[in-house]
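Here is the structure we will look at, set down as structure tokens.
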Amino acid sequence: MKHMPMINRLLFAVLLIYGGYLTLFDGPSPYSIILMLVGISQLAVDLVFPAAETYDERQEKIKMKSGQLSYVLSIVYVFIVLTLVQWKVVDDIMTALLCVLFIQVMTFPVTLFIYNRRS
């Protein structure tokens, strides 16, 4: 699989700019926040594996390990937030869902960075 750095940068720019545009002119909505989070996540992944680095098995292993860890952590996050909502610590369900979404989207780049440093 060939690494396409220009498409990744274009995707990052489009998602971040469009999410920022929606936030500025329509007010912060879940849709605009999701677009901005995905754009930031794409930038983080692009920074961990720069365009000059060729795609190899090491990158595939790192992405697989970080994806598995992110999935396990997302189950834990959802359980914790559901528990907090059930105990009425968090009153607004939309805030709880946005927190879970933020944590889930940003967990993959963070674990990717950690596994890349350890390898």
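The values are calculated or read from the model by the stated rules, or taken from the named source; none is laboratory data. Only a predicted model underlies this, so the values are computations on that prediction, with no experimental measurement involved. Surface areas here come from the heavy atoms of the whole protein model, side chains and all, with no ligands, DNA or RNA. Shrake-Rupley method; radii C 1.70, N 1.55, O 1.52, S 1.80 Å.
For Lys61 and Phe79, the difference between the fully extended length at 0.36 nm per residue and the C-alpha to C-alpha distance is 3.7 nm. Using the Stokes-Einstein relation with a Kirkwood hydrodynamic radius computed over Cα pairs, the translational diffusion coefficient of the chain at 10 °C and a viscosity of 1.306 mPa s comes to 101 µm²/s.
In vacuum, with every alpha carbon of segment 38-86 counted as one equal point scatterer, what does the Debye formula give for log10 I(q)/I(0) at q = 0.32 Å⁻¹? Two decimals, please. For the requested q values the scattering log ratios are -1.10. When each full DSSP H helix of the chain is screened for a Cα extent of at least 15 Å along its own axis and an average Kyte-Doolittle hydropathy of at least 1.0, the helices passing are 5-26, 30-48, 93-118. Take the chain with all the other protein chains still there, run a 1.4 Å probe, and you get 70 Å² of accessible area per residue.
With helices as the sole contributors, the chain gives -29000 deg cm²/dmol at 222 nm; each DSSP H run of n ≥ 4 counts as -39500 (n - 2.57), and the sum is divided by every residue. The fraction of accessible area contributed by carbon and sulfur in the chain is 72 percent, rounded to a whole number (1.4 Å probe; ligands and nucleic acids excluded).
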